[in-house]
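K.L.:
Mind looking over this structure? Questions follow.
Read-outs: derived from the displayed coordinates by stated rules, not from any lab. All of these numbers come straight from a predicted model, not from anything done at the bench. Virtual Cβ from ideal backbone geometry, glycine too; neighbours counted across all protein chains shown.
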Amino acid sequence: MRISWLGDVLRAAGVQVVEEPGWLTRTANGTLDPIGVLWHHTAAPSSASNPSPALGVCINGRADLPGPLCHALVDYFGVFHLVSANYANHAGTARASGPVPAGSGNVMLIGWEIDYAGDGGGGVVQQMTSAQYDASLKATAAVLRQLGRDASYARGHRETSTTGKIDPSFIDLDTMRADVARLMGSSGGGPSGTPFTVYSSNVNVRPTPSTSGTPVGNLGTAPRTVYVECQVAGQTVTANGYTNDLWSRISSPYAGYVSNVFIQGPASLPVPSC
Ligand SMILES: [Zn+2]
């Protein structure tokens, strides 16, 4: 799977994004099939004047490990630099952790390399910046919603590593998951939102409130029940004699956006604004 939606999903979540050249096609030797998100630290000291010291290594790899080494590098200011939309050598072999089974971490997990020194290994000691933490929470919540997974699918490398990795340093991973769950607005247990009916067949679910993004799913034969979490103004769509610029963000059967023009009920649904 190519996660070409990553930039759109992060921007929609309020995360600052830089699409590094070639990120859509950059890949290591394998196929990504993600079910969760893995947090790392790079062990490189970052600063306001040198906010992304490990970006080149993350893109190009090391002598002993070909790049890409992450899907996104998170710089000192919390900006997400997109490095790969495909398979990346960031997680190696994973042991079971929470709901993530043992297997290839590179296949199962989307990896953020958060650029800070961590415990330093005898050198510079540095904690994750609050900007990095906040952006990583938003990005993780948005990506897990996109994958249709709950916050328990956010893990730290030290929880899955079979080789004694310690990253990400200075982060309580249970607190991180609780913070992600709060952002996702649900602690799990069934789809969140209010059920509505899509009356038109073959409606696409989009990564943003626009018809331009690559669909994250297709609802197939109508009628279909979707769970609407909120609605937001987006691209105007005309179909079946109706015109509407409102889009519903749904949690199920796919996480994404559906134009309200395809949903039974009033033009503006009785749901919260996104
Ligand atoms: Zn790591």
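K.L.:
State whether the stretch 75-182 is rounded, prolate or oblate according to the following rule on the C-alpha gyration tensor (a ≥ b ≥ c being the square roots of its eigenvalues): a/c under 1.5 gives rounded; otherwise a/b larger than b/c gives prolate, and the remaining case gives oblate.
P.N.:
The shape class here is rounded.
K.L.:
For the chain, modelled as a Gaussian network with Cα springs under 10 Å, which listed residue fluctuates most, GLY36, GLY122, GLY256?
P.N.:
Comparing GLY36, GLY122, GLY256 in a Gaussian network model of the chain, the most mobile one is GLY122.
K.L.:
Here's a follow-up. Mind checking which of LEU219, LEU82, LEU38 has the largest fluctuation in a GNM of the chain, springs on alpha carbons under 10 Å?
P.N.:
LEU219
K.L.:
Then there is this: Stretched out fully, how many nm does the piece from ALA63 to ILE166 gain, at 0.36 nm a residue minus the Cα gap?
P.N.:
34.9 nm
K.L.:
Let me ask another. Shape verdict for the stretch 194-262, please, from the Cα gyration tensor: rounded (a/c under 1.5), prolate (a/b greater than b/c) or oblate.
P.N.:
The shape class here is rounded.
K.L.:
Considering every pair of different Cα atoms, what Kirkwood radius, in Å, is found for the chain?
P.N.:
It is 19.3 Å.
K.L.:
Order of CYS230, CYS58 from fewest to most other C-beta atoms within 10 Å?
P.N.:
Placing the least packed residue first, the sequence is CYS230, CYS58.
K.L.:
Follow-up question, since we're still on this one. Suppose R0 equals 45 Å; then what is the FRET efficiency for SER252 and VAL18 from their Cβ-Cβ distance, rounded to the nearest 0.05?
P.N.:
Efficiency, from the Cβ-Cβ distance: 0.90.
K.L.:
Could you give the angle, 0 to 90 degrees to the nearest 10, between helix 173-184's Cα long axis and the longest principal axis of the Cα atoms of the chain?
P.N.:
The angle comes out near 20 degrees.
K.L.:
Kindly list the residues of the stretch 37-63 that lie in the label zone of VAL124, defined by a backbone N under 17 Å from the point 7 Å along the Cα-to-C-beta vector.
P.N.:
The answer is 41-58, whose backbone nitrogens lie closer than 17 Å to the label point.
K.L.:
May I ask for the distance between the Cα centers of the stretch 228-274 and the stretch 6-38, given as a whole number of Å?
P.N.:
If we compute the Cα centre of each part, the gap is 26 Å.
K.L.:
Right, another one. What chymotrypsin sites (Phe, Trp or Tyr not before Pro) in the stretch 180-241 are in a loop by DSSP, with at most 14 other Cβ atoms within 10 Å of the Cβ?
P.N.:
Passing both the DSSP loop test and the Cβ count: TYR199.
K.L.:
Can you give the helix-only mean residue ellipticity at 222 nm for the chain, where every DSSP H stretch with n ≥ 4 adds -39500 (n - 2.57) and the sum goes over all residues, rounded to the nearest 500 deg cm²/dmol?
P.N.:
Only helices count here, giving -5000 deg cm²/dmol.
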